[in-house]
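One structure is given below, encoded as structure tokens.
The values are calculated or read from the model by the stated rules, or taken from the named source; none is laboratory data. These figures come from a predicted structure and were not determined experimentally. Here the Cβ is made from the backbone with ideal geometry for all residues, glycine too, and neighbour counts use every protein chain on show. Protein only, heavy atoms only, side chains kept; ligands, DNA and RNA dropped before computing areas. Shrake-Rupley method; radii C 1.70, N 1.55, O 1.52, S 1.80 Å.
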Amino acid sequence: MAQHSILISADVQALLNLDDDFSKKEGFSILVASSAKDLLKQAREHHPEIIFLIPSMEVDQRNCCRLLKEDSRVSDIPVVAIVNSTAADDLDHCHHARPDDILFTPINSHLFLTSARRILGLAHRSFSRLQTSLVVDYGTDKALKKVACAYNLSTGGIFISTETPPKVNQQIFICLALPPNKETLHCEGIVTWINHTENPAYPDIPPGFGVQFMSLNISDLFAIRNFIDSQEKKRLTTDG
């Protein structure tokens, strides 16, 4: 699976205490910029999937977000600003710099990842869903799984076709192999709704249940997003 990157400023790294083990576990590489000038340089050279920075009183740093958004080479990269909620100047600056998201201190690695996943999901047309016929293994017990068909898939969740669904709000474990490499994706999810066999809420789709992903790492999120993109491109080519 291809390695993806997140670019952060050095002060973000110091704030979150991120290390190589953390990035390896989540399936991406961390690029660290030593200054605003270096951040702009690395953004242009590596084109990371997302950028995290902390605006500071340094003029270059305060203008960094604006410069990223005005540069056509990197303007499509989501930028997240981390600010002190009690610092009025920082908040006013962020309002004018227009980052894609703002996180307030104190922040931890969990909030960091949550923001990254949410922003990257939104960047893919608010969880665009693809109808599929992929085989999926699922179960409420990690060691005991059933085999079913994934009727549709997005970076936010999956709909699994079955006439014997788990209960709403039940946690399940999912294994899914995505073409073309067939590398297996492992994650946890929560059952959010059920399309019953009798009196279905949506008669035009099969019986089954919808799942919201809970523990999808960033590498797997990219894998799903790239798979959906490739299938949509194939469909447009065929339709054309």
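Taken together, E183, E198, E163, E232 contain a single residue that is open to solvent by 60 Å² or more (accessible area, probe 1.4 Å) and closer than 24 Å to H4 by Cβ, which is E183. The residues on offer are L113, L91, L120, L103, and the sole one that is at pLDDT 65 or above and open to solvent by 20 Å² or more (accessible area, probe 1.4 Å) is L103. Being modelled with pLDDT under 80, closer than 18 Å to S9 by Cα, touching a strand residue (DSSP E or B) at 6+ places or on another chain (Cβ under 9 Å) and surrounded by 14 or more Cβ atoms within 10 Å (Cβ to Cβ) is not true of F52. Scoring D229 on the criteria (1) among the charged types (D, E, K, R); (2) modelled with pLDDT under 85; (3) over 30 Å from F112 (Cβ atoms) leaves a single failure, condition (3). For T192, are the conditions met, namely being assigned to a strand (DSSP E or B), modelled with pLDDT of 85 or more and either β-branched (V, I, T) or under 29 Å from I6 (Cβ atoms) (or both)? Yes.
Take the conditions in a helix (DSSP H, G or I) and out of contact with any Lys or Arg (no Cβ under 6 Å at 6 or more places or on another chain) and apply them to Q231. Does it pass? Here the answer is yes, as Q231 does meet what is asked. From the list V135, V79, the lone residue that is surrounded by fewer than 16 Cβ atoms within 10 Å (Cβ to Cβ) and either modelled with pLDDT under 70 or under 30 Å from D229 (Cα atoms) (or both) is V135. Filtering region 212-238 to residues that are under 9 Å from the mean Cα position of the chain (by Cα) and aliphatic (A, V, I, L, M) leaves L216, I218, L221. Suppose the filter is more than 27 Å from F112 (Cβ to Cβ), within 21 Å of the chain's Cα centre (by Cα) and open to solvent by less than 20 Å² (accessible area, probe 1.4 Å); does A177 pass it? Judged against the criteria, A177 is not a match.
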